[in-house]
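Before any comments, here is the structure.
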Amino acid sequence: MISAENISKSFGAQPVLQQLDLVLEPGEKVVLSGASGCGKTTLLRLLAGLEEPDAGRIEIDGQLVNAPGLLIAPHHRGLGVVFQQPALWPHLSVRQTLDFVASAQHQPQGSANLSDIARACGIEELLDRQPNALSGGQARRVALARALAAGPRYLLLDEPTSNLDFEARTGLNAVICDFVAETAAGLLYISHNESDVSQIGGHHVQLVGGRITKP
Amino acid sequence: MSQAAVLSRALPLAASRRVHVAGILLWALIAIGPLAALSATAFASMADVLEMAAYLIGRRWLGLLAKSIVLAGAVSTLAVALAVALVRWTRSAPGRVPKRLVYLPLLLLLVPPYLHATAWISAGVTVQNGLVQIGLQLPSVPGMIGVVWMQLVAVFPVALGFTLVGFRMTDPALTEAGRVFASDLVVFRKIEWPQMRATVLIGWVLACLLSLADFSVPSLMQVEVFALEAFVEYSIAADEVAALIVAFPHLLIGLALMVSIAAPVRTLAIMPARPSGAGQAIGAATSWSLRVPGQIAFGFALLQVAVPVIALGVAALPLGNLASSIAENGREIVNSLITAGFSGALSVVFALVALPMLTTVPRLAVVMIPLAVPAALVGIGAIGLWTLPGLELLYNTAAMPVLVAVAQFSPVAILALFVQAHRCDRTLIEAAQVYRGDGLATWRTIYLPLWAPGLWAGFFAVFGLTLTELTATLLVSPPGRQTLTVKIYSLLHYGASDRVAALCLMVLLGSVAASAVVFAAMAGGQRDGRRGSE
């Protein structure tokens, strides 16, 4: 379980999150929406360990990962993250990217598993391509495949389907839902899009005034 | 989750924090140590210092300082004016040729002023001889005009490089929008210039410092400048305190200029590589006030490139001369390459060590301090430092030219990596941290390839600068370890111009090759940095 308690975060004099509480259980799906600039991405980055909260504590599976003076490195948190931009390493092919991520997992990931992920994400034909030879939609699918290849216990996705057409969006959301169903991973899914909310299902919450509310 | 997993929020560390701190201290010893050693010696004899300062100030000192400042200001301002005129014109010039040729002078970025001077003097002599044969004679060029011209051609690539970067940061869409309402000149002043002036200022400051520090061209043209004084003072009496006092104003000016550009350098590094639509052509300039200066600057740029290549090439012909020069100076060539190679490699290591620590503008300013120290002081200070008890092991060895080169030029490698690391999409680093942390595999597979352009650019920039460094190397070269540049300088002063041309051509080709790699690497790095966020 990811548990964030009393999380506050400001940038300069601008408070972004204020005493925010969030719980994400294994296998649970939470879709988070909110106005632009309300702090959705900041919350995701705090959970991932890419930012430090000003106050509050975050636990993952009972392990304290954030508290004043403590910040556990992102790769020790068992997360899969898809950023707003695909952020694919430009010098690695798709296959090298997946291998690099999978080889960090101390579990028998194996090429068979990577093939399954590639097939599920519809990138089998793209494995030997470099990122600059991918379209926007293909890059997003590779970014998702990278997150899945890490074998995460929790998926943190920041608008993973933005700029995709309806068909591509639906396909990608189906892959995400299947993964969650198969692995019982927890899912935090940031999106503005109504169709994403309905396709992903689970709980829908909003970030308003720095706190989580029900819509 | 171990304690080792606790993350630093700065850019990733290559090793433990202790190793980085030790590396930084070693860098400080090599790069700032010479100046610190000199200062300590001066403080130890403060009474003598004051007496000596009063004596020196009573001499012709202030007039010379004023003359050098005016010279450096004029050279750098002219260089920037020409660069701005050239780039603005080529941006809207018809056809591809000017747009491509504008990059050509950058190949001479690392070519030292004395090489330009040698080439222009050689060209002048050839033209003069030709004219004499048809009964004509060129009027003699006053020494100061000659110095301005030769320093101008030498520092022009620096000004041009930063002007090009500045223009690439301007958004053509904003320019086009302005052109609907105002003349080209007004659009340039009100819209383009404010977007690029901080970057152009960096070019102006560096050009100014280069001109202020150069005494090779003035001494060839027999013009007295301030930069020569410290060198002469030390050469006459081997008195390092006197040299420090003489060079002190130069040092202060350099430090002030460096501090003034620390914030623009940081801004330049963290800004997006270029706005969307940059590189898009702008309609042809309709105003003569942009067109004519641009065309004049274009002619200057072509001359600036053509004269050294042709003059040195012709003087070094036939090819047999070149071959025999290489054979005769094999030892100097090898010494130069080894010194430059080690200096580049060591600077790159220091760049990796320093990178995670450069989190504030003051820290960046500290790293840039060595660039402000006159080369003569680096050499003199290095002699003082490396003869201290416990450090004297390296004195009078082949390591000394490497140490003074690292002292002077390692900030260039550090800045190249700093820019590259900050230009890279931050999420590429964060993605690696999410999945693999900062371990060896991540360094090998992600960080080093992403930063490779900055590392290569830093290595070859230091390599090229070391290859052509003269002043400090002249002071610390051990017997039998002369570099090619020192040999050229000695030959120039003995008037052996026929042998010099071939050696100069070799150094020119080495510098051009190093510059080409630097620009290819940085251009590749900019592309990769953008690609990651697309």
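Please treat every number below as a calculation from the coordinates, not as lab data. All values derive from a computational prediction rather than experimental measurement. Don't worry about glycine lacking a Cβ; one is built from the backbone with ideal geometry, like all the others, and counts go over all protein chains shown.
Here are a few things to note about the model shown:
- Residue in the range A:52-74 that is surrounded by 23 or more Cβ atoms within 10 Å (Cβ to Cβ), facing chain B (nearest Cβ under 7 Å) and either in contact (Cβ under 8 Å) with a residue 12 or more places away in the chain or in a strand (DSSP E or B) (or both) present: yes
- Any hit, the range A:204-214, residues being in a strand (DSSP E or B) and without any contact (Cβ under 8 Å) to a residue 24 or more places away in the chain: yes
- Total residues in the range B:430-462 satisfying the condition of being facing chain A (nearest Cβ under 9 Å) and under 29 Å from B:SER515 (Cβ atoms): the figure is 4.
- Taking the criterion of being more than 10 Å from chain A (Cβ to nearest Cβ) and touching a Lys or Arg at 6+ places or on another chain (Cβ under 9 Å), the residues of the range B:418-429 that qualify are B:PHE418, B:HIS422, B:ARG423.
- 2 or more residues within 12 Å of chain B (Cβ to nearest Cβ) and surrounded by 19 or more Cβ atoms within 10 Å (Cβ to Cβ): qualifying helices (runs of 4 or more DSSP H) within the range A:76-171: A:94-102, A:136-149
- Subset of the range A:1-53 that is touching a Ser or Thr at 6+ places or on another chain (Cβ under 9 Å) and of a type in the set (Asp, Glu) - its residue that is nearest to A:GLU182 (Cα to Cα): A:ASP21
- B:LEU465 vs. criteria within 15 Å of B:GLY344 (Cβ to Cβ) and within 14 Å of chain A (Cβ to nearest Cβ): no
- Matching residues in the range A:138-172 - criterion: being among the charged types (D, E, K, R) and at positive phi: A:GLU159
- Residues that are among the charged types (D, E, K, R) and closer than 15 Å to A:GLY80 by Cβ were ranked within the range B:430-445; the one that is surrounded by the most Cβ atoms within 10 Å (Cβ to Cβ) is B:ARG436.
- In this structure, A:LEU47 does not qualify as free of Cβ contacts under 8 Å to residues at least 24 places away in the same chain and within 12 Å of another protein chain (Cβ to nearest Cβ).
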